[in-house]
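Contents: one structure, followed by commentary.
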Amino acid sequence: MKHKASLILLLFFSVQLIAQEKSALEEVQTVLTDSFDFDKDKLVKKMLTDLPSDTAKRQVTGFQQNFKSEYLSDDEFNYSQGKDSYSYWQLLKKRIGNFLKKLFGYAPDAPTPAFIEILIGVLSGIVVLIVLFIAVRILIRHKGRWFFDKKNEELTLDIYDTENLIEKADFRQLIAEHEQKGDTRSCIRLYFLWTLKVLKNNNLINWLPDKTNSEYLNEITDQAMKNQFSYLSYLYEYVWYGEFPLENNDYLNAKSAFENLLRKEVLNG
């Protein structure tokens, strides 16, 4: 019991001693800090006192009243990225001129010699003629049909597309094109479809895509026309479905037979 009391007293006095030491340390730090701040303040004041005063004279200048307009009117200070106001013709001549100057060793900003001016005019004219020549060739190749003959653009119709051929085709032109290729088999098909179209337009048959030639034959009441159509349908089936192209004389005879019927029905119609 005596030992415990002694231990408690020892701890009490130790705590008191540590607290006193801490308080003393804080007082020392405060003194040092205050001393440092005081010395620093004195040093700054001394430096400011020792600085030489600025006695140099100063002259205040300003901008001229119209300074902006002077710069705006000067091309050297124009940094805008707008497009050059050149026409296509002027731009073409300018580019050709720059090319010729470079070719003959002149600086781009050097005055253009007289002979280069002549070459610029000649070459520019040649370029324009070449462009016009190409445009005319393209127009001739398409036979001017872009604006005036939309129907014939569809004449690239599939030769097997019976319905569109009968409704839209210019048979005379198509036949002429296939004759130039020597494709007599396709010519016979086109002649036969043309015949069906004429008979339909003259109300001699009721044309439908899925009807057979025999059905059309039964619809024709005129015996002479029936005989002609019977022969032409046989010729067509032999050449087209049998895949037998006709030679020159045979083709001319078949063509004549189709033309006779078409001419007669067109005149009657």
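The values are calculated or read from the model by the stated rules, or taken from the named source; none is laboratory data. The structure presented is a predicted model; accordingly, all values stated were derived computationally and were not measured. Don't worry about glycine lacking a Cβ; one is built from the backbone with ideal geometry, like all the others, and counts go over all protein chains shown.
Tabulated data
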item	result
Given (1) surrounded by 10 or more Cβ atoms within 10 Å (Cβ to Cβ); (2) at pLDDT 80 or above; (3) part of a loop (DSSP other than H, G, I, E, B); (4) not acidic (Asp, Glu), number of the condition residue 100 does not satisfy	(3)
Odd one out for residue 189 among (1) closer than 18 Å to residue 265 by Cα; (2) in contact (Cβ under 8 Å) with a residue 40 or more places away in the chain; (3) surrounded by 14 or more Cβ atoms within 10 Å (Cβ to Cβ)	(1)
Residues (surrounded by 14 or more Cβ atoms within 10 Å (Cβ to Cβ) and of a type outside the set (A, V, I, L, M, F, W, C)) located in segment 246-264	250, 251, 255, 264
Hits in segment 143-183 (condition: at pLDDT below 55 and either in contact with a His (Cβ under 9 Å, 6 or more places away or on another chain) or under 25 Å from residue 200 (Cα atoms) (or both))	149, 150, 151, 152, 153, 154, 155
In segment 212-243, the residues that are within 21 Å of residue 175 (Cβ to Cβ) and outside any helix (DSSP H, G or I)	242, 243
Where residue 243 falls short, out of the listed (1) within 17 Å of residue 160 (Cβ to Cβ); (2) surrounded by 17 or more Cβ atoms within 10 Å (Cβ to Cβ)	(2)
Flag for residue 209 being outside any helix (DSSP H, G or I), touching a helix residue (DSSP H, G or I) at 6+ places or on another chain (Cβ under 6 Å) and surrounded by 12 or more Cβ atoms within 10 Å (Cβ to Cβ)	no
